[in-house]
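S.K.: Have a look at the structure that comes next, please.
Values quoted throughout were computed directly from the atomic coordinates according to the rules given, and no laboratory measurement underlies them. On a predicted model such as this, the values are computed, not experimentally measured, just so you know. Because the Cβ atoms are built from the backbone with ideal geometry, glycine has one as well, and the counts that use them run over all protein chains shown.
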Amino acid sequence: MFHVKYQPLRLIAQSSLSGMCLKLMFSRPVAFAQIWKSWFSSHSLVGNKNIILMGPPGAGKTTVGRIVGQKLDCPVIDIDDDVLETTWNMSVSEKLQDVGNEQFLEEEGKALLKFSASGSVISLTGSNPMHAAGMQHVKQNGIVVYLDVPTAVIMSRLKSMKVDRIVGQGPDTSLKDILQFRKQFYKRWYDVRVLCGGDVAAEVVAEKVLDAVKRYQNSELETYISTRSSRSGRSTQKDTRKYFSDVVIEGLAPDGGLFVPERGLPKFTAEEWQSLIEATYAERAQVVLERCIHPADIPVSKLREIIGIAYGENFSCSKIAPVRHLTGNQFLLELFHGPTASFKDFALQMMPHMFAYCIPRSCNYLVLVATSGDTGSAVLDGFSRLHDIDKQRIAVMSFFPEDGVSPIQKSQMIGCQKENAWSIGVKSDFDFCQTAIKQIFTNSDYTGFLTVEYGTALAAANSINWARLLPQVVYHASAYLDLVQQGIIVFGSPVDVCIPTGNFGNILAALYAKIMGIPIRKCICASNQNNVLTDFIQTGSYDLRGRKLVPTSSPAVDILKSSNLERYLHLIADGDGQLVTQLYSQLENQGHFQLRKDLLEKLQQDLVAGWCSEDDCLAAIHSVYSTTGYILDTHTAVAKVVADRLQDRTCPIIISSTAHYSKFAPAILRALRIAEIKQNPLSQLHLLSSYSPLPPVHWGLLETLKKNENEHHQVCAADLSVLMSQIETLIQNHFM
């Protein structure tokens, strides 16, 4: 057995202090550090900090380190050659043969504990991260950069170097297994990650390292603005900037707009996306969200913990968001394997933990949410899973249209009520609930009163909150990567996506995935009879005059005012907040607005739209079940009908299956012509589960309804003052 090592590289730092040379001291900080301190502070990216390159053998740490050192004109230290071999007075391979695997790791860690340096680029060995004390020591004065190279690429490189064994690999362990085993240690220690594909030149990786370190050190570049802020009005004053942690807490911008990243979303190269093809869903989520959330807001270690909680045992499918072939060139993205059986779980198993991490400890928070059905149970379930200490200071209140959700959805929301989570039925529709919450948030007198009187601030958990929207980008990217992994397409081939759309959040997440580099050709917006979005995408006219909400069997898209459309209009208007303000002022005051021709042309490059009647929706459920044995829920059926009409069949189309069919039992029973429909939601589920040809009902629904069959909820009038009174009462009961 032998350890992979590179040719030794020793750079003598050159500057106006020519003639000085680097001397390493392993029992105390290197002598040159103090002498060079002022020089590094003014000339170097890192000052007295080290850039520490970490990754598996074959990742190119030494080569990349040399290039980074040259660019920064600073010392480069290779742990293998400059530390271990100097300390041991023998080669690494000789030491490994002398002491064996286990003792080698201990000896390697001891050498690392005696090592100190400042203002240098340090290339670790592939096995250094396996020694906790040694890594903790070296990390104290450095930024650890993980060169994340796919295992298949590393194995190919090692094979070309004629390396078949590495440190820690026993006789019965394959090279692939030990490389996979080591990843847990790399993930534990890094501050920033650099994705490295198979054919990326070392010079390109070095530039990525420098960019990653610059980003890590400068959180002020990643600020957020309102969709309604004017370009000239964007302040550069530090006290008015908004960061990710701010927008998670505040939800809605003070001017009534929605928060968006001021400099847009990060872009991934094709090679970076391809490096995630073999990754798990949680790993893909980690990589994408790391690039979207600055570590000053949520460190990568905390983010990993949150992702692990969100996409762990709470999901019934190990793939989290599997892609299933339906028929022809159509594929289903199944988004219903979470605890409340809808796509809302992807954000709402994560967002509460982000929120709890970001909020100050000195204040209580009441999270408000309006729901057309699925969001309610998902937000109640998500916030009820917080740690007990967080539940004492965070409560959630969900408002839903009392007669505008399915019976099972209502029973599920009532059943998800916990000690810090409540559901309130409102005698109106979803648009009233959503508008009322926006009005409450922008009523500074009322919110100020709650803060002063009760020490409680309000927050939002609808998709108006950026932290609700961001996790949804992941599953659209993941679906594409799954098709590549399954051999359906090669990376770079286009796909279309078709999404049942009400509040425009899910389809906006797909558009964001496209911006970030996923080759999505068209996003197909599928509406039911409440087809205001279809008309808008086809004509540019958003017209609510004379429209009344029509209750359908797909209630999550029974929406006329689509909140997240505002973010998309801000995007295609190149950040023109004044235009967005004008459009939404006109919509509020006159009930309509017309998009300019040039903006409509931009929009139609991304979007096409269609709608589906109730009869066609139910017919699609029956037809798909008859031909495939698969049951679509009502929203997915809407998307299926529209996809059939609008796709041109020149590329695969991914249909978002946004909820489990058993949430809409009456419509499913009617579509499949099974039996007389019973009114009791639990009876409806029992009827579905007793019909053996059908796939099983969702694992969580029956349990939730069984446990809470006799639970009750409050119902209030469609009056803003009544809702505000309900909020105050809840605060008094929970926090006082």
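S.K.: Can you show me the helix-derived [θ] at 222 nm for the chain, built from DSSP H runs with n ≥ 4 at -39,500 (n - 2.57) apiece and divided by the number of residues, rounded to the nearest 500.
M.R.: -13500 deg cm²/dmol
S.K.: So for the pair Asp574, Lys183, with labels modelled 7 Å out along Cα→Cβ, what separation do we get in nm?
M.R.: Modelled inter-label distance: 4.2 nm.
S.K.: Calculate one ³J(HN,Hα) per residue across the range 157-171 by plugging θ = phi - 60° into the Karplus curve 6.51 cos²θ - 1.76 cosθ + 1.60, and present them in order as whole Hz with x for glycine and proline.
M.R.: 5, 5, 5, 5, 8, 6, 10, 10, 9, 9, 4, x, 8, x, x
S.K.: Ok, one more. Give me the net charge of Lys522's neighbourhood, meaning all other residues with Cβ under 14 Å from the Cβ of Lys522; Lys, Arg count +1, Asp, Glu -1. Present the calculation step by step, with values, prior to reporting the outcome.
M.R.: On the way: positive: Lys514, Arg521, Lys602, Arg645, Arg649; negative: Asp496, Asp606, Asp648.
For residues surrounding Lys522, the net value is +2.
S.K.: Additional query: Relative to the first principal axis of the alpha-carbon coordinates of the chain, what is the inclination of helix 505-515, with its axis defined by its Cα atoms, in degrees from 0 to 90 and to the nearest 10?
M.R.: So the helix axis and the longest Cα principal axis differ by about 40 degrees.
S.K.: If each residue of separation counts as 0.36 nm, what is the full-extension length gain between Gln97 and Arg521 once their alpha-carbon separation is subtracted? Show your work: numbers first, answer last.
M.R.: On the way: separation 424, 0.36 × 424 = 152.64 nm, distance 5.56 nm.
Working it through step by step, the gained length comes to 147.1 nm.
S.K.: Between Gln485 and Lys319, what is the spin-label point distance in nm, taking each point 7 Å from the Cα along the Cα→C-beta axis?
M.R.: Distance between the two pseudo-spin positions: 0.8 nm.
S.K.: Ok, one more. Could you work out the local net charge near Glu102, counting Lys and Arg as +1, Asp and Glu as -1, over the other residues with Cβ closer than 14 Å to its Cβ?
M.R.: Numbers: positive: Lys95, Lys110; negative: Asp98, Glu106, Glu107, Glu108.
Summing Lys/Arg as +1 and Asp/Glu as -1 gives -2.
S.K.: Please give me the summed charge of the neighbours of Pro129: other residues whose Cβ is under 11 Å from its Cβ, Lys and Arg +1, Asp and Glu -1.
M.R.: Details: positive: Lys139, Arg182, Lys183, Lys187, Arg188; negative: Glu108.
With Lys, Arg at +1 and Asp, Glu at -1, the net is +4.
S.K.: Same structure, new question: Rounded to the nearest 10 degrees, what's the angle between the helix 101-113 long axis and the longest principal axis of the chain, both from Cα atoms, 0 to 90?
M.R.: Helix 101-113 sits roughly 80 degrees off the main axis of the chain.
S.K.: Right, here's the next one. Of all DSSP beta bridges in the chain, what percent run antiparallel (nearest 5)?
M.R.: 20
S.K.: A further question on this structure: Assign one of three labels to the range 78-117, namely rounded, prolate or oblate, based on the Cα gyration tensor with a ≥ b ≥ c the square roots of its eigenvalues; rounded applies when a/c is under 1.5, prolate when it is not and a/b is larger than b/c, and oblate otherwise. Could you put the intermediate results ahead of the total?
M.R.: Values: a/c = 2.53, a/b = 1.40, b/c = 1.81.
It is oblate, given that a/c is not under 1.5 and a/b is not larger than b/c.
S.K.: Can you compute the modelled spin-label distance between Ser156 and Leu544, with each label point 7 Å from Cα toward Cβ, in nm?
M.R.: 5.4
S.K.: Measure nothing fancy, just the Cα-based angle from helix 614-628's long axis to the longest principal axis of the chain, in degrees from 0 to 90, nearest 10.
M.R.: Helix 614-628 sits roughly 60 degrees off the main axis of the chain.
S.K.: Once you order the gyration tensor axes a ≥ b ≥ c over the Cα atoms, which shape class does the chain get: rounded for a/c under 1.5, otherwise prolate or oblate by comparing a/b with b/c? List each step's numbers first, then the result.
M.R.: Numbers: a/c = 1.99, a/b = 1.70, b/c = 1.17.
Prolate.
S.K.: Another question about this same structure. Where the centre of each part is set by its Cα atoms, how far does the range 464-520 sit from the range 645-669, in angstrom?
M.R.: Spelled out, the Cα-based centre of one part sits 16 Å from the other.
S.K.: What's the ranking of 318-329, 491-502, 125-136 by average number of surrounding C-beta atoms within 10 Å, highest first? Present the calculation step by step, with values, prior to reporting the outcome.
M.R.: Numbers: 318-329: 17.2, 491-502: 23.2, 125-136: 21.0.
Per-residue mean Cβ counts within 10 Å order the peptides as 491-502, 125-136, 318-329.
S.K.: I'd like the Karplus ³J(HN,Hα) series for the range 327-336: coefficients 6.51, -1.76, 1.60, θ = phi - 60°, whole numbers in Hz, and an x wherever there's a Gly or Pro.
M.R.: 6, x, 9, 9, 10, 9, 9, 7, 10, 10
S.K.: Which part of the range 351-372 falls in the paramagnetic zone of Cys716, meaning amide N under 15 Å from the point 7 Å along Cα-to-beta-carbon?
M.R.: Once the point is set 7 Å along Cα→Cβ of Cys716, 366-371 turn out to lie under 15 Å by backbone N, inside the range 351-372.
S.K.: Too long at a 29 Å Cα-Cα cut-off: which of Lys319/Lys514; Lys418/Lys514; Lys242/Lys267; Lys410/Lys514; Lys548/Lys663? Show your work: numbers first, answer last.
M.R.: On the way: Lys319/Lys514 22 Å; Lys418/Lys514 38 Å; Lys242/Lys267 21 Å; Lys410/Lys514 35 Å; Lys548/Lys663 25 Å.
Beyond 29 Å: Lys418/Lys514; Lys410/Lys514.
S.K.: Total Lys pairs in the range 50-218 closer than 14 Å by alpha-carbon, pairs eight or more apart in sequence or interchain only? Mind showing how you got there, number by number?
M.R.: Details: Lys61/Lys208; Lys71/Lys208; Lys71/Lys214; Lys95/Lys110; Lys114/Lys139; Lys139/Lys187; Lys159/Lys176.
For the range 50-218, the number of qualifying lysine pairs is 7.
S.K.: Ok, one more. Using only the Cα atoms of the range 50-218, build the gyration tensor, take square roots of its eigenvalues as a ≥ b ≥ c, and label the shape rounded, prolate or oblate: rounded if a/c is under 1.5, else prolate if a/b is larger than b/c, else oblate. Each step should come with its number before you reach the end.
M.R.: Details: a/c = 1.65, a/b = 1.20, b/c = 1.38.
Oblate shape, in that a/c is at least 1.5 and b/c is the bigger or equal ratio.
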